[in-house]
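Heads up: the structure comes next, in C-alpha cells.
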Amino acid sequence: MTASDPIDAARLNLLLNELRLPAIKHLWSAFTERADKEGWPAARLLSALAEHEIAEGGQRRIERHLAEARLPPGKTLAGFNFDAVPTISKARVMALVAGDSWLEAGANLILFGPPGGGKTHLAAAIGLGLIENGWRVLFTRTTDLVQKLQVARRELALEAAITRLDKYHLIILDDLAYVTKDQPETSVLFELISARYERRSIAITANQPFGDWNRIFPDPAMTLAAVDRLVHHSTILELNVESYRRREAIDQQRGPGRPASRATLKTQPD
Ligand code: ADP
Ligand code: MG
C-alpha cells in the first residue's frame, strides 16, 4: 500500500472509537494530510498523534475529576484575598496545592475560624488547585455525607461505602461542627476518619475548636480518638478574622477607598 492508497475513513473512525482514542479520531485526517504533504516519517506521525491523545486524555480526566468533586463554584485561589487573612501564609497554601507532601501520606488539613472568615472558600480553592494538579477530591457538607453513610450503615453497606470513597485522595468535610450527635449515628463519621487514617486525607472546616467537638461525636472517648487521628498528621490553618462578608458590606456602605482590613467591626451591628 502506498501513501496515496485510499483507506476506509469510516472504518478507521470506528476502530478508533472502539480503542477509545477520541483525539486521534478527531485529528488523524488533518495530521496524515500534513504528514503526506511534508513527508514526515511514519514514526513521527504516530508519535504526534499519541502525544495529542495523552494530552487530551489528561484534560478530559481533569474535567471528570472536577465534575465529580462537587466544588462550590467560583471559589478560586486567585479570587482569595490573602491580605484579608494575615494569619494564613499564601506560600504555605500554595505548597498544599501541590499535594504530594501530604496527600501521599494521607495527612489532613483543618481550617478553623468564625463564620464568614473564608474557610469554605479557601478549602474549595485548595481542592480546585489539587484537581488541576491531578488529584481526586470530593467536597461535601459534612451533614450530607453523614446522612449518606447512615443510609449505607442501615443497609449494612457502610464498609463498602467508605471503601468507595478511597478513590478520592482528599475529602473536604465542610462545616464539621454543624453535625451534632442529635443526628443519629454520627459514629459513621468516626468510622470514616478511622478508615482513612494515614492512608487518605481529609480536610475539615469548623467554627468550633476541638474542645467543642464533644457535641459532634456520641461520647467523649470517641471525640478524643477522632481528634487524635485527625490531628496526628495535619496542617491547621486558623482564619481568625472577622467575617469577610460583613467587612465587604461595611466597605460598600462606606464607599470606595477604604480597605476591608481597616474596617472597625466591633462597633458595627450584625
Ligand atoms: P466560612 O466558610 O468561613 O463561613 P466563606 O468561605 O463562606 O466563610 O466566606 C464567606 C464569603 O466571603 C464567601 O463568598 C467567600 O468567597 C468570601 N470570602 C471570604 N474570605 C475571603 C477572602 N479572604 N478573599 C475573598 N473572598 C473571601
Ligand atoms: Mg463555610
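The values are calculated or read from the model by the stated rules, or taken from the named source; none is laboratory data. The model shown is predicted, which means the values in this text are computed figures rather than measured ones. FYI the Cβ positions are ideal-geometry reconstructions off the backbone, even for glycines, and counts take in every protein chain you see. To get the accessible areas, we keep the full protein, side chains included, count just its heavy atoms, and leave off ligands, DNA and RNA. Shrake-Rupley method; radii C 1.70, N 1.55, O 1.52, S 1.80 Å.
Scanning segment 190-214 for residues that are of a type in the set (Gly, Ala, Ser) and either part of a loop (DSSP other than H, G, I, E, B) or within 16 Å of ligand 1 (Cβ to nearest atom) (or both) yields Ala203, Ala206. For segment 156-172, a residue qualifies if it is assigned to a helix (DSSP H, G or I) and either over 17 Å from the mean Cα position of the chain (by Cα) or crowded, with 20+ Cβ neighbours inside 10 Å (or both), and the qualifying residues are Leu158, Glu159, Ala160, Ala161, Ile162, Thr163.
Of the residues in segment 119-135, not one is assigned by TED's automatic domain parsing to the domain that holds Glu191, part of a loop (DSSP other than H, G, I, E, B) and within 16 Å of ligand 1 (Cβ to nearest atom). In segment 97-125, the residue that is nearest to the chain's Cα centre (by Cα) out of those that are away from ligand 2 (no atom under 14 Å from the Cβ), in contact (Cβ under 8 Å) with a residue 24 or more places away in the chain and open to solvent by 20 Å² or more (accessible area, probe 1.4 Å) is Ala98. Listed conditions (1) closer than 26 Å to Arg199 by Cα; (2) open to solvent by 50 Å² or more (accessible area, probe 1.4 Å) are all met by Ala30, apart from (1).
In segment 142-154 there is no residue that is surrounded by 20 or more Cβ atoms within 10 Å (Cβ to Cβ), within 25 Å of Glu248 (Cβ to Cβ) and in the same structural domain as Lys167 (by TED's automatic domain parsing). Only a single criterion out of (1) without any contact (Cβ under 8 Å) to a residue 24 or more places away in the chain; (2) over 30 Å from Thr142 (Cα atoms) is not satisfied by Pro22, namely (1). Of all residue pairs spaced 6 or more apart or on separate chains, those with beta-carbon atoms under 8 Å, a first member in segment 232-253 that is part of a strand (DSSP E or B) and among the polar types (S, T, N, Q) and a second member that is open to solvent by 70 Å² or more (accessible area, probe 1.4 Å) and away from ligand 2 (no atom under 16 Å from the Cβ) are Thr235/Arg92. Inspection of segment 81-96 identifies no residue that is in contact with a strand residue (DSSP E or B) (Cβ under 6 Å, 6 or more places away or on another chain), away from ligand 2 (no atom under 16 Å from the Cβ) and open to solvent by less than 40 Å² (accessible area, probe 1.4 Å). You will find that of Gly106, Gly99, Gly129, the residue that is at pLDDT below 95 and within 23 Å of Leu176 (Cα to Cα) is Gly99 and no other.
Asp174 meets the stated requirement of being touching a strand residue (DSSP E or B) at 6+ places or on another chain (Cβ under 7 Å) and under 26 Å from Pro220 (Cβ atoms). The residues of segment 177-198 that are modelled with pLDDT under 90 and either crowded, with 18+ Cβ neighbours inside 10 Å or within 16 Å of ligand 2 (Cβ to nearest atom) (or both), listed by number, are Ala177, Tyr178, Val179, Thr186, Ser187.
So, of the residues in segment 128-155 that are within 13 Å of ligand 2 (Cβ to nearest atom) and either under 20 Å from Arg245 (Cα atoms) or not hydroxyl-bearing (Ser, Thr, Tyr) (or both), which turns out to be farthest from the chain's Cα centre (by Cα)? Checked segment 128-155; the qualifying residue farthest from the chain's Cα centre (by Cα) is Arg141. Here Pro72 meets each of (1) more than 15 Å from ligand 2 (Cβ to nearest atom); (2) farther than 27 Å from Asp228 by Cα; (3) not aromatic (Phe, Trp, Tyr) with one exception, condition (1).
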